[in-house]
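The values are calculated or read from the model by the stated rules, or taken from the named source; none is laboratory data. Just so it is clear, the structure is predicted and the values come from calculations on it, not from any experiment. So basically every Cβ, Gly included, is an ideal-geometry build from the backbone, and we count neighbours across all protein chains shown. Each accessible area value is taken on the protein alone, full model and side chains, heavy atoms only, with ligands, DNA and RNA left out. Shrake-Rupley method; radii C 1.70, N 1.55, O 1.52, S 1.80 Å.
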Amino acid sequence: MNNLNRFLFLLAFFSFSIMNAQDPVTFRVESQDFALVFQTDNLQRLHQSYFGPRLKNAAEYAIVTEQLRYNGTNEDQFNMAYTPSGTWNVSEPALQVLHADGNGSTELEYQKHSVTKLEDNVQLTKVELLDPLYKTQVNLFYKVFLKENVFEQWTEIHNGEQGTIELKKYASANLYFRNEDFHLTQYSGSWAQEMYPETHHLTAGIKVLDSKLGTRANLYSPPTFMLSFDAPATETEGKVILANLAWSGNFKFEFERDRYDNLRLIAGANPYAAEYFLKVDESLETPHLIFTYSETGIGNASRNLHRWARKYQVWDGMGKRKTLLNNWEATYFDFDEKKLVSLFEGAHELGVDLFLLDDGWFANKYPRNDDRAGLGDWQENKKKLPNGIGYLVEEAEKAGVEFGIWIEPEMVNPKSELYEQHQDWVIRQPDRREFYYRNQLVLDLSNPEVQDFVFGVFDDLFTQNPSIGFVKWDCNAVIYNAFSDYLDRQKISQSHLYVEYVKGLYKVLDRVRAKYPKVPIMLCSGGGGRVDYGALKYYTEFWPSDNTAPVDRVYMHWDYSRFFPANTMCAHVTEWSRDASIKYRTDIACMGKLGFDIDVEELEAEELVFCKQAVKSYDTYKETLWFGDQYRLQSPYDHHFGSFQFVDESKDHAIWFSYLVEQRYEINYSVEPLRLQGLDPDKNYQIKELNLFPGTTSPLDSKKIYSGDFLMKVGFNPDVSRARNSVVLEITAVK
Ligand code: DGJ
């Protein structure tokens, strides 16, 4: 910038500031109950001036800042709507840009904002900010789902300079919460131990949650958190935010407590090893942060998020789901055509909708007989399946069930024909040793040819077998040796790989969904490794964990269900804990999207009768479970049994699950009633026990009538005990 330009810029800058000095712009982004308010200062910088319950008199939003007494120079910097770096800011930035001339300073001035009503319940606010010196444009987007109190926020950064700029940091959201105390609940884990919660008080400094795994973030940590204000919120009390970054790659959440004890949240794709270059006139749209806020506890926040997810985000979120029998734990890789056909009969006998063929059906030169070979070679294994998938689809249909199939199209075993032919498609460092996760590597989805290949895996299956009724899409490996031959050839920086991988995946899934809108697809990732609302835009459901031990699933359900509705959470009856009764295992699976992963022939006669009856009952209450409101009545963490209730919209029907998780002598039965929630106090209800094992009767009187008022104020004792360690109750309004 030469001196004349600098002079003109300063002139414009001062006249603009003076012109507007007395004239701050105030605007708000509002849901039904809450408001996010913004205001400009005399330098045209945009602050987030308020977040909380809506004010009755909207004109008063403009005077919120009059109540603040920041007492030092530059102390009003913390609550910026989108914090730049290299100028006045000394806190964690949302944006860090290296401009074309190598200068690393950015200022953002408010230009204008606009509000568009997308539909009755959905509003989009676009806020335009501009660096007056470098013409870097930043647009902030806030989409609000009014009734659900859900906010979706993202950013678009545009290069208006004459040369390429480098984005060193490009957050999706920058939020500011005024409060004394904050308690963060974070989730972590590893394979088969997903979603372990920890809650702690946020102290001064920055707390970071992130992933650098490239693909399956939730191997260690999902892009999800819960933030309580004042004290850790309970299910029914407290101020709390539930958030999820809709992004299936690396993420970063930074929680910075400032010197006023307020909290700055910066959330987005992880900038680690991911500097993003924008050529002249190019833009980058960041991932979307989804969050909801409640002042009446976690349960209310979850119900809002569930309603939003079903209606607006999850693929076919309001559609029917299919119950199934999966062969993974029954056979692992050890099966042939005859064995599979014999299992179809079991699926039919159980009464489920479909049979799901898992891993191990493909590859010939390097047959997929274990997890060390064959991944990438998606031709039926001739030895195991001499008549191909088509024959299996037909036989399943003859047996009265649909046929579903497992794929893991993003991955490759080094021992495969695909790897031999296309090393250039594999994410790997060309001159270094390879590292494997589950003996496999990740294909380079930044490469359009690889995108075609991955789409082709799905498309070929359906072109040849159009009546396949279900797909389980797995994703087991993390990204090691992050290097893309494609980006190298295109002279695109390697630091684009993490972002381009996810964008490439979404491009493939867009094509899959455009062509196959009706197929239910399960999002699986070596258990629950990839669980986020970015992916769930394409998938109907997800596999929470390979850990199907029933007790563990009670805890996992407690935590996952804070963020995800029951119709998205697959739950299978397996042999993982054989010591647990089939009733206990089935009752727990009945709380999610029900499936079985057992050899039906191995069930005792009474067990089979029980399972068939459980599937039949499930069919009668599944709509309440899938589309109703969930109330987590009692936590398995603090009590000897966990309890979960689902109520349909009319409040005429509810289903209630209780599971003993503690075996110690003194505390292994329900001493007192549990207060139900969400019923109509003015309606009368009868309570009937379901899923009774053959030969047992219920101690509960299903004829007795209770008012909703009684059930919610006094409660009801489900009679959980060691002998009745799982209890499923149906609550029906008496007409
Ligand atoms: C991991 C999944 O979580 C399992 O359910 C199973 O599909 C295996 N992969 C197959 O390799």
Checked the stretch 130-175 for anything touching a His at 6+ places or on another chain (Cβ under 7 Å), closer than 29 Å to Trp308 by Cβ and open to solvent by 10 Å² or more (accessible area, probe 1.4 Å); matches are Glu152, Trp154
Give the residues of the stretch 83-112 that are open to solvent by 60 Å² or more (accessible area, probe 1.4 Å) and either modelled with pLDDT under 95 or under 23 Å from Ala35 (Cβ atoms) (or both), sorted by residue number. Val90, Gln111, Lys112
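Do the conditions hold for Val727, that is, is it open to solvent by less than 40 Å² (accessible area, probe 1.4 Å), in a strand (DSSP E or B) and either among the aliphatic types (A, V, I, L, M) or modelled with pLDDT of 95 or more (or both)?
Numbers: open to solvent by less than 40 Å² (accessible area, probe 1.4 Å): yes; in a strand (DSSP E or B): yes; either among the aliphatic types (A, V, I, L, M) or modelled with pLDDT of 95 or more (or both): yes.
The answer is yes for Val727.
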It is to be established whether one or more residues within the stretch 492-506 are within 29 Å of Trp328 (Cα to Cα), at pLDDT 95 or above and open to solvent by 10 Å² or more (accessible area, probe 1.4 Å). yes
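Table: residues versus (1) among the aliphatic types (A, V, I, L, M); (2) open to solvent by less than 30 Å² (accessible area, probe 1.4 Å); (3) under 19 Å from Phe141 (Cα atoms).
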{"residue": "Glu198", "(1), (2), (3)": "no, no, no"}
{"residue": "Lys207", "(1), (2), (3)": "no, no, no"}
{"residue": "Ser248", "(1), (2), (3)": "no, yes, no"}
{"residue": "Ala274", "(1), (2), (3)": "yes, yes, no"}
{"residue": "Phe277", "(1), (2), (3)": "no, no, no"}
{"residue": "Gly297", "(1), (2), (3)": "no, yes, no"}
Sole exception among (1) surrounded by 18 or more Cβ atoms within 10 Å (Cβ to Cβ); (2) more than 19 Å from Asn218 (Cα to Cα) for Asp459, by number: (1)
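Within the stretch 92-134, which residues are farther than 21 Å from Trp154 by Cβ and part of a loop (DSSP other than H, G, I, E, B)?
Pass one, the stretch 92-134, residues farther than 21 Å from Trp154 by Cβ: 98-105, 107, 120, 132-134.
Hits for the stretch 92-134 are His99, Ala100, Asp101, Gly102, Asn103, Gly104, Ser105, Glu107, Asp120, Pro132, Leu133, Tyr134.
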Condition first: modelled with pLDDT under 95, of a type outside the set (A, V, I, L, M, F, W, C) and either crowded, with 18+ Cβ neighbours inside 10 Å or not in a loop (DSSP other than H, G, I, E, B) (or both). Can you find one or more residues in the stretch 668-675 that meet it? yes
List the helices (runs of 4 or more DSSP H) inside the stretch 315-431, counting only whole elements, that have at least 2 residues being open to solvent by 10 Å² or more (accessible area, probe 1.4 Å), away from the ligand (no atom under 16 Å from the Cβ) and closer than 30 Å to Tyr480 by Cα. 417-421
Those residues of the stretch 432-441 which are in a loop (DSSP other than H, G, I, E, B) and under 14 Å from Ala482 (Cα atoms) amount to Arg432, Arg433, Glu434, Phe435, Tyr436
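Listed residues Tyr498, Tyr516, Tyr538; which is closer than 23 Å to Arg321 by Cβ, more than 16 Å from the ligand (Cβ to nearest atom) and touching a Lys or Arg at 6+ places or on another chain (Cβ under 9 Å)? Walk me through how you get there before you give the answer.
Details: Tyr498 fails: closer than 23 Å to Arg321 by Cβ; Tyr516 fails: touching a Lys or Arg at 6+ places or on another chain (Cβ under 9 Å).
Matching residue, one of Tyr498, Tyr516, Tyr538: Tyr538.
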Can you tell me which of (1) out of contact with any Cys (no Cβ under 7 Å at 6 or more places or on another chain); (2) over 25 Å from Gly299 (Cβ atoms); (3) at pLDDT 95 or above; (4) within 16 Å of the ligand (Cβ to nearest atom) is the one Ser525 doesn't meet? (1)
Go through the stretch 442-456 and report how many residues are open to solvent by less than 10 Å² (accessible area, probe 1.4 Å) and either outside any helix (DSSP H, G or I) or within 16 Å of the ligand (Cβ to nearest atom) (or both). 5
How many residues does the stretch 563-580 contain that are in a strand (DSSP E or B) and surrounded by fewer than 21 Cβ atoms within 10 Å (Cβ to Cβ)? 0
Qualifying residues in the stretch 540-562 (those that are in a loop (DSSP other than H, G, I, E, B) and open to solvent by less than 20 Å² (accessible area, probe 1.4 Å)) - the one farthest from Pro197 (Cα to Cα): Thr540
Residue check, Asn481 within 27 Å of Asp546 (Cα to Cα), open to solvent by 10 Å² or more (accessible area, probe 1.4 Å) and among the polar types (S, T, N, Q): yes
Here's a check for you: in the stretch 541-585, which residue that is in contact with an Asp or Glu (Cβ under 8 Å, 6 or more places away or on another chain) and modelled with pLDDT under 95 is nearest to the ligand (Cβ to nearest atom)? Trp576
Of (1) open to solvent by less than 60 Å² (accessible area, probe 1.4 Å); (2) within 16 Å of Leu213 (Cα to Cα), Phe435 satisfies all except one. Which? (1)
Could you please find all residues in the stretch 210-251 being among the polar types (S, T, N, Q), in a loop (DSSP other than H, G, I, E, B) and within 18 Å of Lys537 (Cα to Cα)? Thr215, Ser248, Asn250
What pairs can you find where one residue is in the stretch 308-337 and closer than 19 Å to Leu594 by Cβ, the other is surrounded by fewer than 18 Cβ atoms within 10 Å (Cβ to Cβ) and among the acidic types (Asp, Glu), and their Cβ atoms are less than 6 Å apart, with a gap of 6+ or different chains? Glu329/Glu575; Ala330/Asp599
For the list (1) hydroxyl-bearing (Ser, Thr, Tyr); (2) assigned to a helix (DSSP H, G or I); (3) open to solvent by less than 10 Å² (accessible area, probe 1.4 Å), I need the number of the one condition that Tyr486 fails. (3)
